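The block underneath contains the structure these notes are about, expressed in structure tokens.
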């Protein structure tokens, strides 16, 4: 069986309000203003596909938000998104691998975050057989082709696969391909799923 785990709010808790809080302090723009302007739009998607550089992405986001930040200040805020790892999920991933199952991570991410979280949370990388990262693949969820490539590379059919993600759009895209998918609504979803499966 192939188990595919998303990263943010599935294995590691993330919070974009922490990002906006740092940018608010550094850029002296009210947090409420940034919250009202912040959207994960086209530049966000381009960055996650690796189509634009980190510097270009920073410039575009600062323009959209009306922020005057240096690239270093932008990065300091961007990395504040990570809150902490979910140890229960790491334990489940390790148990699955010990049982001989295949466990991979499929994440919409970007070079800036990829330079940061592996050193902060080394246990995440150790709990997976392979990382599939959008910026390296040139595609992102919910595009059907990213799921198809993972299945092709792993040598599993959709019917042999279980996918966990916090984004409903990604869940629906995977289900449309025949992949059994679990919508992770909070930190209890995955532990509860495996506890019920064991009964």
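Cβ-Cβ below 6 Å, separation at least six or inter-chain, first residue in segment 9-21 and under 23 Å from residue 182 (Cβ atoms), second loosely packed, with under 15 Cβ neighbours inside 10 Å: which pairs?
13/83; 13/84; 15/83
Would you mind finding the one in 10, 81, 85 that is modelled with pLDDT under 95 and touching a strand residue (DSSP E or B) at 6+ places or on another chain (Cβ under 6 Å)?
Going through 10, 81, 85 in turn, just one is modelled with pLDDT under 95 and touching a strand residue (DSSP E or B) at 6+ places or on another chain (Cβ under 6 Å): 81.
Tell me whether segment 100-108 contains one or more residues that are surrounded by fewer than 21 Cβ atoms within 10 Å (Cβ to Cβ), without any contact (Cβ under 8 Å) to a residue 40 or more places away in the chain and assigned to a helix (DSSP H, G or I).
Within segment 100-108, none of the residues are surrounded by fewer than 21 Cβ atoms within 10 Å (Cβ to Cβ), without any contact (Cβ under 8 Å) to a residue 40 or more places away in the chain and assigned to a helix (DSSP H, G or I).
Can residue 33 be described as in the same structural domain as residue 127 (by TED's automatic domain parsing), part of a helix (DSSP H, G or I) and surrounded by fewer than 18 Cβ atoms within 10 Å (Cβ to Cβ)?
no
Applying the selection to segment 117-155, what residues are surrounded by fewer than 16 Cβ atoms within 10 Å (Cβ to Cβ) and within 19 Å of residue 75 (Cβ to Cβ)?
Result: 118, 119, 120.
Could you tell me whether residue 24 is farther than 21 Å from residue 133 by Cα, surrounded by fewer than 21 Cβ atoms within 10 Å (Cβ to Cβ) and not assigned by TED's automatic domain parsing to the domain that holds residue 146?
Against the criterion (farther than 21 Å from residue 133 by Cα, surrounded by fewer than 21 Cβ atoms within 10 Å (Cβ to Cβ) and not assigned by TED's automatic domain parsing to the domain that holds residue 146), residue 24 qualifies.
Would you check if residue 162 is surrounded by fewer than 13 Cβ atoms within 10 Å (Cβ to Cβ) and in contact with a strand residue (DSSP E or B) (Cβ under 9 Å, 6 or more places away or on another chain)?
So residue 162 does not fit the description; no.
With the condition kept exactly as written, say whether any residue in segment 139-147 is closer than 15 Å to residue 89 by Cβ and in contact with a helix residue (DSSP H, G or I) (Cβ under 9 Å, 6 or more places away or on another chain).
no
Quick check on my filter: what residues within segment 50-71 are touching a helix residue (DSSP H, G or I) at 6+ places or on another chain (Cβ under 6 Å), under 12 Å from residue 110 (Cα atoms) and assigned to a loop (DSSP other than H, G, I, E, B)?
50, 52
Looking at 75, 95, which one is surrounded by fewer than 20 Cβ atoms within 10 Å (Cβ to Cβ), closer than 27 Å to residue 128 by Cα and assigned by TED's automatic domain parsing to the domain that holds residue 122?
95
The values are calculated or read from the model by the stated rules, or taken from the named source; none is laboratory data. Quantities reported herein were computed from a predicted structural model and do not represent experimental measurements. Heads up, the Cβs are rebuilt from the backbone with ideal geometry, glycines too, and the neighbour counts pull from every protein chain shown.
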